Amino acid sequence: MTINDKQVVVSRLPTSSLSFDGVVSMFAQSHSHFISRSIAIVFLAFVSAGTLVACGGGEARKEVVTSAQNGAITIKTPAGQTRFDIDRINAAAGPLTVTYVNESTSAHNFMIHDLDGVASSDAQSTSEATFTLEVGKTYQFFCALFSHEAQGMKGTIVVS
């Protein structure tokens, strides 16, 4: 192939034969007029680290389980997080009053699938809502704003 009057050889290697060092070498060689080998290593290290973070690399958070007391519970969104501080709530059938404390600098809310009501909080505020739970059911609670539920801002209520 010819690019800007220069002959360029394009080859394809099977991905199984590529190693990290091989990729770094190919990158550094093909871009030697722009970047040195050491900068290429740093660049690929940052890309790899970013991929791990984006894919949830690191230790998994343990599930936090708590029980409602006298038909009431307080649940929080910690500052700088898109999650609730509780993953599972054990509750008795009947009314459950949820006090939702949003410590985040973003708006969030607390809703339960298939039940009416919402505890909605602007940034760094508190709200309250009461839900009626049926015996033997399991409910899913979540934040309905933006894509927060898909990002893991959800949990379970087990009713006894």
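For the range 82-98, enumerate the residues that are touching an Asp or Glu at 6+ places or on another chain (Cβ under 8 Å) and either surrounded by 15 or more Cβ atoms within 10 Å (Cβ to Cβ) or closer than 12 Å to Lys154 by Cα (or both).
First pass over the range 82-98, keeping only residues touching an Asp or Glu at 6+ places or on another chain (Cβ under 8 Å): 87-88, 93, 97-98.
Correct list: Asp87, Arg88, Thr97, Val98.
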Okay, strands (runs of 3 or more DSSP E) sitting entirely in the range 68-160 with 1 or more residues that are of a type in the set (Ser, Thr, Tyr), I get 72-77, 94-102, 119-121, 125-133, 138-142, 154-159
Among residues of the range 106-140 being of a type in the set (Ser, Thr, Tyr) and at pLDDT below 95, the residue farthest from Thr74 (Cα to Cα) is Ser106
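Confirm whether Glu128 is more than 16 Å from Ser67 (Cα to Cα) and either surrounded by fewer than 16 Cβ atoms within 10 Å (Cβ to Cβ) or more than 16 Å from the chain's Cα centre (by Cα) (or both). Show your work before the answer.
Working: more than 16 Å from Ser67 (Cα to Cα): yes; either surrounded by fewer than 16 Cβ atoms within 10 Å (Cβ to Cβ) or more than 16 Å from the chain's Cα centre (by Cα) (or both): yes.
Judged against the criteria, Glu128 is a match.
The values are calculated or read from the model by the stated rules, or taken from the named source; none is laboratory data. Because the structure is a prediction, the values reported are computed rather than measured. Cβ sites come from the backbone with ideal geometry, for glycine too, and all protein chains shown count toward neighbours.
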